[in-house]
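What follows is calculated from the coordinates using simple rules that are stated; it is not laboratory data. The model shown is predicted, which means the values in this text are computed figures rather than measured ones.
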Amino acid sequence: MRASQSLSRFVIALGLMTASFAPMHKANAENATAYPAETVAAFTSTCTEQGSSKGIPAEVMQQICACSIEALQEQYTFEQFAKIDADLGAGKPAPAEMDMIVQGCVKEFISK
């Protein structure tokens, strides 16, 4: 497995598991895909901290994690995101589409 795939799977698993601890509010009515601020903050913060502990500079991880959660919000409703989170908690793999989204962010910022 390439490093970018490994990192993207790490970002997905970590971010979603972290987001599950944030309050589960309904998406903003103006933007059906907006996630609660607490969920976005939990995803980004923990993703950045844990990724940085793997030897990736914190500022790079911050960009990867922010890119990832922004792209995920564009692709998945909050309800879909919460379902994927529950599935990951049950040991199921992340959808391939989600992995590709995160891989795109990893490649964008790791190659800089």
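For segment 99-110, backbone phi angles converted through the Karplus equation (6.51, -1.76, 1.60; θ = phi - 60°) give residue-by-residue couplings of 4, 5, 4, 5, 4, x, 5, 4, 4, 4, 9, 6 Hz, Gly and Pro being listed as x.
Please compute the contact order of segment 34-112 in relative form: average sequence separation of alpha-carbon pairs under 8 Å and at least six residues apart, divided by the residue count, as a percent.
It comes to 32 percent, rounded to a whole number.
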